[in-house]
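The values are calculated or read from the model by the stated rules, or taken from the named source; none is laboratory data. Since the structure is predicted, the reported quantities are computational estimates derived from the model, not experimental observations. Quick reminder, even Gly has a Cβ in these numbers, built from the backbone with ideal geometry, and neighbours come from all protein chains shown.
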Amino acid sequence: FCVDFSIGARWRERKNAILPADSRMHLAALRWPENLIMLNSGKYCPAERNR
């Protein structure tokens, strides 16, 4: 499933014609049960679980 915490920020950037390559915001998907966060840049980060 996808988790998006900055949908409003990215929308403002698109409205102001800021290209994705120039963006400070990223879209990400949380891959479960793999515990990976996949960014739209193609990078993967391990998800940390706090219990």
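Checked against (1) at pLDDT below 85; (2) touching a strand residue (DSSP E or B) at 6+ places or on another chain (Cβ under 6 Å), Ser41 passes all but condition (2).
The single condition among (1) modelled with pLDDT of 85 or more; (2) in contact with a Leu (Cβ under 8 Å, 6 or more places away or on another chain) that Leu19 does not satisfy is (2).
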